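See structure below.
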């Protein structure tokens, strides 16, 4: 199902995606999309909250 987001919302998602290892970014975007579809209507704050939740367990680990 297509999902429409504003440029600002996309910028938030892509900013968080930068912290995800490249091979897991697709999973992150799928998680974001699924959560936003469930919400139906959403605000910029909703998109930011969903993106933060969707990256759980996918972000890069800090170097030791």
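Every number here is computed from the coordinates shown, using simple stated rules; none is lab data. Only a predicted model underlies this, so the values are computations on that prediction, with no experimental measurement involved. We place every Cβ from the backbone using ideal geometry, glycine too, and count neighbours over all the protein chains shown.
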**OP:** Note the angle between two axes, namely the Cα long axis of helix 7-17 and the longest principal axis of the Cα atoms of the chain, as a number of degrees from 0 to 90, rounded to the nearest 10.
**Re:** 30
Original post:
Using alpha carbons only, how many degrees (0 to 90, rounded to 10) separate the axis of helix 25-39 from the longest principal axis of the chain?
Top reply: 30
**OP:** Mind pulling the angle between the C-alpha long axis of helix 44-54 and the longest principal axis of the chain? Nearest 10 degrees, somewhere in 0 to 90.
**Re:** 40
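Determine the relative contact order of the chain: mean sequence separation of Cα pairs under 8 Å and six or more apart, normalised by residue count, in whole percent.
On the way: 43 pairs, mean separation 29.2, N = 64.
Averaging sequence separation for qualifying contacts and normalising by length gives 46 percent for the chain.
Exposure proxy check: 14, 1, 35 ranked by fewest other beta carbons within 10 Å? Mind dumping the intermediate values first?
On the way: 14 12, 1 5, 35 17.
So the residues, fewest neighbours to most, are 1, 14, 35.
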Subject >> For peptides 18-30, 43-55, sequence by mean Cβ density within 10 Å, most packed first >> reply: 43-55, 18-30
Subject >> Label of the coordinate-derived value, Kirkwood radius over Cα pairs in Å, listed as (i) 13.2; (ii) 11.9; (iii) 13.5 >> reply: (ii)
